Amino acid sequence: MTIRKDATPRYDRVTHLIPQDTTHSELLEVFEQVEAWKQTVTYSADHALDTTQNNHLLHIWGVERIVKPMAESTAAARAAFIHFAQTEYGRVPTIAWEAFTPANSNPQPIKPAVGLHDMGGGNWMMENGINGYCVHAIAVGTAAQTFDFSAWEAAGIKVLVRLNYGFAPVGTIPDPDDSAETERFIAACNLTIQRSHGVWGWIVGNEPRNPQERPNGKEVSAEQYASVYNAIYAAKSASDRLTPAAIDPYFGVDGINPLRRMREMLNLLTGAEFITIHAKTQGSLPHQVSSEATFAHPPMIGHRLHFRAYRDVLDYVPTRFSSLPVIITEANPQRYGEGYPWDLFGWGPFNGAEWIEAALEEVKAWNLLGKQQVHAILFYRWAFDVWALEKQTAVLEQIRNEFII
């Protein structure tokens, strides 16, 4: 297993909620178990018990390095601690993991720009004088295209073009077993980049491990994706910005940790100029944006269930890419939320503006921590499916207000 070794250990905090009726002897047992646990850590932890709350709160600091060998990520450390808590003292009903703000917080954080997915959203931004980002996803196939977004660039809109072989179920890159078609796709991408103007950055593909994006239903390996990406990267000019496909950080039902696979892929790449991430909440409730709830089952155990999955993604980014600008190119609630059938997908009828505000506040708070900076958050999407925002007037007004403020 490849272990990530950062120059400076992270200081996160785990909070365990212990029932108020816990007896003194049970508390002593908990502390004995924590002390025993601390003997197995590579990086030592400190802990304290706060009994002034309605329930006892056991705080533990310095917990990234909690297993031997060292945890490969904060999410892996969280998973190990959840397992420890569940097996060693099952009376702890709630586990919350939150970032511990260092004393030397970022004095000059990036203020994240706003943006919209799809060109219709970019047009709306231009009409309203809003600077920011826009994603234009295209199906290149094997035929090169030409774009001129110079007017958009002049208006302060950074256009990201996502180069797909096709949309579902065609595949985000060609069938890996069809080398001739793969070469034609690479050539079409290269020519599209060379011919176009006013494009801020290029994205190669989309969520390649997502079953909907697999060519002919075939799984795309990290090596196969990297081979396509590196061929496109090698042909671009120094002024062109390129980034790999964002992963689906919530998809692990095939038994493989998607973040670990992402890191394997990133380690195979020649280079990149920025990083893209997809982040969502499982419902449409604004408080879920900052939720620390995690998946309960492998291979996702310990990984955040809602919007803060972007933090887990960044935790897996290799060091050589850890200073690149981060753009959240798809941000949205997955479903309506509480009080509605679980299969109602979309923004939901009531909380959209509050969700937008919560997401913006979340990434602003993250940037204050001085870690890899989020430069923009783009809301999914303008039109075409149940997440369409073109008629969500409250949401659009909130985006407009963010630009004005």
- prompt: How big is the charge dipole of the stretch 287-405 about its Cα centre, in debye rounded to the nearest 20, if each Lys and Arg gets +1 on its Cβ and each Asp and Glu gets -1 on its Cβ?
  reply: 360 debye
message: Report the Cα centroid-to-centroid distance between the stretch 282-356 and the stretch 146-181 in angstrom, as an integer.
response: 25 Å
task: Quick one: work out the % antiparallel among DSSP beta bridges in the stretch 256-405, nearest 5.
output: 15 percent
- line: Contour minus Cα-Cα span, ALA139 to PHE350, at 0.36 nm per residue, comes to 72.6 nm
ASN131-SER322 pseudo-label distance in nm [points 7 Å out on the Cα-to-Cβ vector]: 3.1 nm
message: For a Förster distance of 25 Å, can you work out the FRET efficiency between the beta-carbons of ASP385 and LEU191, rounded to the nearest 0.05?
response: 0.25
- prompt: Got a sec? How would ILE130, ILE377 order by Cβ neighbour count within 10 Å, fewest to most?
  reply: ILE130, ILE377
- prompt: Can you sort TRP342, TRP366, TRP347 so the residue with the fewest Cβ neighbours within 10 Å comes first?
  reply: TRP342, TRP366, TRP347
Set LYS158/LYS371; LYS111/LYS218; LYS158/LYS218; LYS236/LYS391 screened for pairs whose C-alpha atoms are more than 28 Å apart: LYS111/LYS218; LYS158/LYS218; LYS236/LYS391
- prompt: Hey, if you put +1 on the Cβ of every Lys and Arg and -1 on every Asp and Glu Cβ in the stretch 113-404, which of ASN230, ILE301, ILE173 ends up farthest toward the positive end of that dipole?
  reply: ASN230
- prompt: Where in the stretch 248-289 does the label zone of ALA235 land, with the point 7 angstrom along Cα→C-beta and an amide N cut-off under 12 Å?
  reply: none
query: Going by how many other Cβ atoms sit within 10 Å of their own, how do ASP385, ASP178 line up, fewest first?
result: ASP385, ASP178
- prompt: Semi-axes, largest first, in whole Å: what does sqrt of 5 times each Cα gyration tensor eigenvalue give for the stretch 113-404?
  reply: 28, 23, 18
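Read-outs throughout are calculated quantities, based only on the coordinates presented, and are distinct from any laboratory measurement. The structure presented is a predicted model; accordingly, all values stated were derived computationally and were not measured. Here Cβ is always computed from backbone atoms with ideal geometry, including for glycine, and neighbour counts include all displayed protein chains.
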